Every structure is written in structure tokens, then in C-alpha cells.
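These notes are about the structure you will find just below.
Just so you know, all these numbers are worked out from the coordinates, no wet-lab data involved. None of the values given here were measured: they were computed from a predicted structure. Every residue, glycine as well, gets a Cβ built from its backbone with ideal geometry; the counts of neighbours run over all protein chains shown.
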Amino acid sequence: MAVHEEEENRKMRYPVDPNSYMILQKIGCGVSATVYKAACLPMNSTVVAIKAIDLERSRANLDDVRKETKAMALLSHPNILRAHCSFTVDHHLWVVMPFMSAGSLHSIISSSFPDGLNESSIAVVLKETLNALLYLHDQGHLHRDIKAGNILVDSDGSVKLADFGVSASIYEPNPSNMSSSMLSSSHLWFNDLAGTPYWMAPEVIHSHVGYSFKADIWSFGITALELAHGRPPLSHLPPWKSLFMRITNRLRLSDYDKCKKDKNKKFSKSFKDMVASCLSTDPSKRPTAEKLLKHPFFKNCRSLDFVVKSVLQGLPSVEDRYKEALQSCQNPQTLVHDYDVDDNDEECLADPVEKQRRISGWNFNEEVLELDPVYPSQNKENDSKRVRFDGDKIFQDKSGVKDERNSVTASLCEIPSFFLEDTHAHNELENKDERWGKPHMDVGTQSNSGEAGIDLNTEKNEDILANGEEQDCELEPPSTDDTPMVAAAPLVPLLRVIMGSLDDERQVLLNLIDNISVGHIELKHEDQIQHTIAQLSLQLEQERKKSSDLETELELLRQTMTIAETDKISKTNSSVECNNTVGSNTTE
Amino acid sequence: MYTDSSNVRIGCLATNMKSIFKSKPKTPAEIVCRTRDLLVFLNTNSSSTTFREAKREEKLLELSQHIRELKRILYGSTESEPVPEACAQLTKEFFKKNTQLLRLLIIFIPKLNLRACKDVTQVVANLQRQQVQSRLIASDYLDANKDLIDVLISGYEEEDSVLALAYGSMLRECIRHQSIARYVLESKHHMKKFFGFMNLPNFEIASDVSSTFKELMTRHKSTVAEFLTKNHDWFFIEYNSKLLENPNYITRRQAVTLLGEVLCDRTNSAVMMRYVSSMDNLRIIMNLLRETSSKNIQLEAFRVFSLFVVNPNMPSDVLGILVVNSNKLVRLFGGFNTDKEDKQFDADKAHILEIIAALEPKDHY
């Protein structure tokens, strides 16, 4: 089946010289790459997409770029975007690809379906994506960046998975990627941090434990949520922050509101079940792509025409969407996913680090089709002691947040310590869970008493187990909270990411200094400097605004906390679970 | 060259293709044998008009299944680790003198579909590292069949990038063997071909060539040093004109990076001393330093340039150029910065600036 298309592709040769292409329009733009719609003149002006990667600005080294183009040339499947050809034009690499006229699912959602797609359409596009994933995994490839922004749709409803910028092959010897012998397939463990934060599986973030194909399945599950809700979980946070949230967490008001709205949206049992299976914290409990394809959710799937009718009709063109996004938003970084330009790692790291509470994983809440955090401390009896003991510390912590904003470095120093301090936020969290409409269980209590939760979904028990297991592989002694050095180990890759961004900022400053010092000598550059100053003051203005926004949010959060606190007291008496928790607290 | 078809075992041919996976599993040797028979069969019957197309398709399918099975034995699967004994048995059979399976596979690759083609590449790659009684028998086989290396190198001439990349990755695995690397290095014909391939417009292929070339120039250090000593003149004339002065940005960037790596290697110190004694070489490197549009090229060129500056036996013509340009150079390096903080680089830069500044009074007489 795929063979025919493949052979056809191999026969059709796109010219490898820039003069054969006529650029029609810009349709996407990131920091180091731009995507154009273009016509290939010698081929009857066939419309193509050209991704122009600036090899001077691209953070990735040439080897990574080479790996991506090679992967794209060697993968062939109807659901995978394959490059027609690639060649360099001065210091840009042009990758010529089929033009997918409806753009990425991310762009479709943000332009026309802010609350998500309907379930039947989700089933169709996910099934197509899953076909691609099955093929990739069968070929020994991990995609490592599955998300709506990398799923492209054509006008006929056909779906292709794109962007192999961070993909990896188990057959490609790369000592830095592999923790064990590359000659065997059963030990396919990768250790490097790759992908986009919101969609990253817990084991990828805790990358010291290694991950494999199942990490793609997690991202697939997050993508399902993204399509259902119009955004991935935690997406209100900047990406690097969402990484912290996966290990450290505090949920926000905006999330609850969103959640309530979504409750009107009914999702089928099979959809919830499918997503739940993908989001199991234990990778080994997640189904393979092959198994997932057999899930009832994908049975009786509608045809591609259905997607055309229910999603694509009346949709603004990719070009118009890009223009609109340009106008409505000053910040070009949000445009990154309009087609499939990816520069996630370059995104805003200017925000200060906020103290967050540590969690060890996520429980998928099937009822509301969202992720709930799991806190490691819940397994530890002695922790409840600390909760009470340090209860009043929470507010102190928060007043500290303001000061941290002054300097990123200052807050960076704080990172190891928030493991210590923020595990005390136990109480508030329970209140929050009540607001989610799902009574929160104290896991430790539950496992001790042997009683199953009263109105917990079936998945819950498994997740508790999974949670326990994950803790094991984190190699954390029960007294984690007292040994920040050990707890900080999984953070090392994240810290590196932040370090990288600091380096970038440093570079920007260095460039500025260079510019200015050059300007001293040659006054010709005065205009340039003025321009830079104007830009800088604009940035400063934006930063100020951001900071004030954050402060308002913080204020709101504090109010919620207070409300939540009172809420909790009133609910404690009526709720069995809370009684349990309180019981265990008082007995200590 | 091919084993003639009378060698084909009738029993092997009669095996029903489905039974191989359903009935009791074949031994690795049997799978190798069957793969060979299929290849011989398909090769000899390719032009036959009497042979039915459907039958041929069936054989092709069986062949790709067998290749997949070979790969499974060598790499294991998600459920099972590869078994060393099975791998050894497979390798031994694969490289048996009259099996010639590697030859048959390499020749048949263009007729395979993408998936089988990739499987072959991975199987061949893996076999280069398999030891039988602590010997890399793949190396022995290739030593006796060096013409296969020629076939692999000309694989880069394929327009189909799938094929070119398949040949390229097999070639890269083969030059892991020192004797094979020496064979390629010592053939001026092959080396000149590489210079041409690196300029292919197709990026996937050109960059694959570059990585093979890099492997060739860096893996077996003593062999490389010996080669460069013997072939210094023509090699660097070609290197300068075909790569460092190439109009193509990516070629220049990769070439100057590799040059720095090769010259800085301690085994190549004699080669380096000779390189930095040439005014022509200096001129080319200084041109690269002036490429303000590419910081990457500038920084890599700086690395090579430093070697000229620190040369204790600097020839007078090289010194003359440095002195004449010292002011310009100092100004240029003032603006040099790496993307990330690099204390080593900053120190090197300061050191080089110092030397250049000191050069001037010494030499104006």
C-alpha cells in the first residue's frame, strides 16, 4: 500500500536549485527558520512548502540538521511528511516539502476551534497520526515531539506527522544518546532531554532514568487532550515552567474555570479510556502504537471527508492565519507553530522562576479529561506532620516570590530548596482537588487502610501503584524532602536548559555591548544604536507588563487560597476522604 | 563472479515462504542460505520473460522477510536480546567464502523497496562489528573483496538519495576497519571523488559524504598521518581549492572545521607544521577569517589561523603577511566572541593578539 506512493516519490525528483522555485508567501516563522509557500516552476508550478533554516542562527549543530534531513529522506509513509529534497542557499538550508494547505492542527485549533475539535474528528486525525507512529516505531525511530503543532492537514483531510528535528533512531549509533549497547533493540534507552515541554512524558523529564518508545505514546495522549480542549495541559505557563510543573506543581484559577466550561463538553467513555491508557505514569503500562490502534475509540472511525466537512470548511487559509497572527500578536514566538517551524527551546525564559511544589507524576483524571498531579509526599506518613508544622510557612514563601523576580539568578539558587519548602503546601492542594470536582485521596492513607476510593475512577488504583514505582526509579530515599541534593538530580537537565537560555541572554548583551562600543568609534552606527535602544525600551516595557500581570495573578491566587482554605474547613466534615486525611494528620 | 545457480539447493527453494515463520524456526545459517538463494534466483531471472511477474513479486517479498529476520537476530527485538551464538553463526555463514552474500546484497539494493533497503543497511552495519572467535571476519572478507568498496563509494553518484544514503552508511561502517580506510585513503582516485561528492547540490547526500570523509580523516590516526605525510602537496591543494575556497557556504564551513580538527590532532603535528609554513595556506585561511557573514566559519578559521601564529619556525613570508596585516587582525579579533562563554577561547584570543602585536617591531628592519 505504502509501497506505491513510496516508489512514486522516489521517481519524482524535485530540482535542487533555488531558481526553480518561486516563493509565494511566508506561512510560518520561528527564530532560526521560516516556512514559505512556493511553486516549483519546472513541475507545472506544483505548490510546495519550503522550510528555510538559517544555519548560522540555528542552535542545532550541523550534525543535528543532517540527522533531520536524513530521517526525512529515509522515512516513507502516507502519514509522514517526507521532504522532497533539500539543498543549501547561502547559509540557509532549504527543505522542500509537500504543501499541506490546512496547516497544523495547532494552527487550526487556535484560529477556529479554541475549545477543541469534536470527538469524531479527533478520532480520525489521531488514528492517522497513530498509523505514522506505528510505522516510525516499527522502523526503530522515536519522534520525540508529538503534538498538534507537528500534525499537518491537507485540504483533502489527509494527515501527516512532521518535524523530525529531535527524532532519534535506535539504529543510528550515537553514544551521547544511548545509555547501553546500541547493538541491541531491547535496551533502547535515551537519556537526552528532547521535545516540547508540555507534551513531554514524565520519564523524559526525569531523563536520568531513560525513556523509549512509550514516551511518544504519552505525548500522543497529551496531544489528544490538546485537540479535545484546544490546548495542552499547563499551557498557560511558559514551556520551561511547565517542565517544573511536571515535577513541581501549583494549579491556577484559570485552570479551574476552564475545567468547568469543559464539563459541558461530553467525551465518550472510550475516548477517556484511550487517553487514560496513554497517560499512565508507568511507561510499561502504556499501550504500544499497535495496540492503541485496536482501541475501541478508533473503531468505526469516520472518513477523511468528515474532517474536511466538519473542520476544514470555512477555515481561513494558512497564509491568512499567519497574517492574522502577525497582526494580533506582537510576539513572534507565538507564531512558531503556525506551520511547523520549531524553536521551542528558544522561547521565553525571561520569566523568573517561581517556587513550585514537587510532584512525582500525573494522575489522569478521566472524569474531566485532565491531568491531576501526584505528590510524592503523599506516600509518606511522616509528611503529614510536616504539613501541619509548616502550614504557616506557605504564605511566607509566597511573599518571597516577588523579590525573586528581580533576578533570575537569585531564583535559580532557590531551586533546590523548593523541594524542601514546597512539599508543605499539602493542605492547599486538597482544596484545589475538591474544586476540580474530584475528592483527593491521601494515597498513603488509602494504601494503609486497603480501602478503595469511594468515587474514584478505576484508573486511580493503577496510578497509585505506578506512582509508587516511579518513585523507586527516581532513586529517592524516603527522606527525600530532607536531602535536596538527591531530589535535585532530575533537575540537572532542566537547569542546563535554563543555563543555555542565560547564555543566550548573555550573548544578546554581549552583542549589544559590541554594537555600542563600535558605535563609539564610528558614529555612522548612531542610527543603529538608537534603533536598538528603542527596541530595548520596548522590551523593557513588555517585561514590566509581564511582571505586573504576574503580580496580579499572584494576588488572585492568594485570594483563592484563602477561599480554598475556608472551603476546606466546611467540607472536611462532609467528606469521607478528608476525614481520613485529617485523621492521619491528627494521629501523628 | 556470482556463484552459479547449480549451487542453489533445491530443498531450500522448495520451502514454502509462509512456513518459515510458522513452522519451527530456521537456524541463522539456514536463513542466510535462503536469503542467498533468493538473491541468486532474483538476479539471474531479472530479465527472463518467461518468469511470471507475480512469482517474482512473491520472491521479493520473501527476500525482504528474510532480511528482516536477519536484522532481528542481530539487533534483537523489543522482547528479546540478541543471542551472541546466533549472531556469530549468522556472521560466519554470511561471510563464508562461497556465500558472497554481502556482494549479492550490495548489488541488489537498488531493486529493494525502502524498508528492505534500510534493513540491509542496518544488517551490513551490524555485521562489521560482529566478532567470531574474537576476529572481525567482516574485515577479512572486505580485504579480499575490495572492489565492493569501489561499488559503495560510487553509490554516492546515485541520484536517488535513498540509495546514496544506504551506500553511504554502509561505506562508513566499512571504513571502521583500518585496512579498508587505508585502501580508500591510498587511492588518489577515490579521494578526488570525495572532493567532488562533497559539492553535490543535494544536501542529504553531500552532508553524508562529509561525515564519511570526516570519519576517514579522523578515525585511524596513524594511517591518516601516514597518508597526509605522503600526499601532503596534492591533498592540500585539492582541499584548499575544492573545499576551503568553494563558493558553497556549507562546504567551506564543514571543511574549515574538519581542517582544524585534523591539524590539531597530535599524531598529525608534522603535517600541521608543514601546513602552517605555507603562505598560500595562510592567505586562504585569512580570507575565511574575513567572512563576516558567518561567525561559525570565522571562529573555525581562527582556530586554524592560531596555528600559523604560534609557529616557532615561522617562515619569513608568513611573518611578512602577519606583520603587514597586524592592525587589521587586531581590530578583527576585537569583535570575536563565541556564542557561549568560553574561557579557553578568550584566553587563546588574548594570547594570539599578544603575539601579533609583538610581531611588528621585531620585523621592521
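If you count, for every residue in B:162-169, the Cβ atoms of partner chains within 10 Å of its Cβ, what is the mean?
2
Between rounded, prolate and oblate, where does region B:146-219 land on the alpha carbon gyration tensor, with a ≥ b ≥ c its root eigenvalues, rounded for a/c under 1.5, else prolate if a/b exceeds b/c?
prolate
Checking the a/c ratio against 1.5 first, then a/b against b/c, what shape does the Cα gyration tensor give for region B:306-350? Each step should come with its number before you reach the end.
Working: a/c = 4.06, a/b = 1.73, b/c = 2.34.
Since a/c reaches 1.5 but b/c is at least a/b, the shape of region B:306-350 is classed as oblate.
How big is Rg to Rh over chain B, alpha-carbon atoms, Rh as the Kirkwood inverse-mean-distance radius?
Dividing the radius of gyration by the Kirkwood radius yields 1.11.
Listed highest first by mean packing, meaning other Cβ atoms within 10 Å per residue, what order do B:96-105, A:46-55 come in?
Top of the packing list down: A:46-55, B:96-105.
If eta is 1.002 mPa s and T is 20 °C, what Stokes-Einstein diffusion coefficient results for region B:220-365, Kirkwood Rh from Cα pairs, in µm²/s? Present the calculation step by step, with values, prior to reporting the outcome.
Values: Rh = 15.8 Å.
Answer from the Stokes-Einstein relation: 136 µm²/s.
Please pull out the direction-averaged projected area of region A:2-98, using the convex hull of its alpha-carbon atoms, in nm² to one decimal place.
6.2 nm²
Rg/Rh for region B:213-287: what does it come to with C-alpha atoms and Rh from Kirkwood?
With Rh from the inverse mean 1/r over Cα pairs, Rg/Rh is 0.94.
Need one number: the % of Cα-Cα pairs in region A:69-110 sitting beyond the 15 Å mark.
54 percent
Average projected area of the Cα convex hull of region B:175-305, in nm²?
Details: hull surface 29.0 nm².
That works out to 7.3 nm², a quarter of the Cα hull's surface.
So if I place +1 on the C-beta of Lys and Arg and -1 on the C-beta of Asp and Glu, and nothing else carries charge, what would the dipole magnitude of region A:2-98 be about its Cα centre? I want it in debye, nearest 20.
That gives a dipole near 120 debye.
From other protein chains only, count the Cβ atoms within 10 Å of every residue's Cβ in A:89-96, then give the mean.
3
Taking other Cβ within 10 Å of each residue's Cβ, how do B:Phe235, B:Phe197, B:Phe95 sort, fewest first?
B:Phe235, B:Phe197, B:Phe95
Using the alpha-carbon atoms, what tilt in degrees (0 to 90, nearest 10) does helix B:28-44 show relative to the longest principal axis of chain B?
90 degrees
Find the Rg to Rh ratio for region B:111-168, where Rh is the Kirkwood radius over alpha-carbon pairs and Rg uses the same atoms.
On the Cα set of region B:111-168, Rg over Rh gives 1.03.
Picking from B:Thr27, B:Thr223, B:Thr91, which is most flexible by a Gaussian network model of chain B using Cα springs under 10 Å?
Highest fluctuation among the options: B:Thr27.
Kindly put A:Ser219, B:Ser64 in sequence by how many other C-beta atoms sit within 10 Å of each C-beta, fewest to most.
B:Ser64, A:Ser219
Please work out the Kirkwood hydrodynamic radius for region B:173-216, using every pair of different C-alpha atoms, and report it in angstroms with one decimal place.
Final number for the Kirkwood radius of region B:173-216 is 10.7 Å.
On average, how many beta carbons from a partner chain sit within 10 Å of the beta carbon of a residue in B:245-256?
Per residue, the average neighbour count from other chains is 3.
Would you order B:Phe94, B:Phe308 from fewest to most other beta-carbon atoms within 10 Å of each residue's own beta-carbon?
On the way: B:Phe94 27, B:Phe308 22.
The fewest-first ordering by Cβ neighbours comes to B:Phe308, B:Phe94.
Which of the residue pairs A:Lys291/B:Lys59; A:Lys285/B:Lys118; A:Lys127/A:Lys545 have a Cα-Cα distance greater than 32 Å in the structure shown?
Correct reply: A:Lys127/A:Lys545.
Which of the residue pairs B:Lys55/B:Lys96; A:Lys37/A:Lys546; A:Lys546/B:Lys343; A:Lys147/A:Lys266; B:Lys26/B:Lys55 have a Cα-Cα distance greater than 26 Å in the structure shown?
B:Lys55/B:Lys96; A:Lys37/A:Lys546; A:Lys546/B:Lys343
If one takes the longest principal axis of the Cα atoms in chain B, at what angle in degrees, from 0 to 90 and to the nearest 10, does the Cα axis of helix B:203-218 lie?
The two axes meet at around 70 degrees.
Starting from the Cα gyration tensor of region A:281-331, take the square roots of the eigenvalues, sort them a ≥ b ≥ c, and report rounded, prolate or oblate (rounded when a/c is under 1.5, otherwise prolate if a/b is larger than b/c, else oblate).
On the way: a/c = 5.28, a/b = 1.70, b/c = 3.11.
Cα axes put region A:281-331 in the oblate bin.
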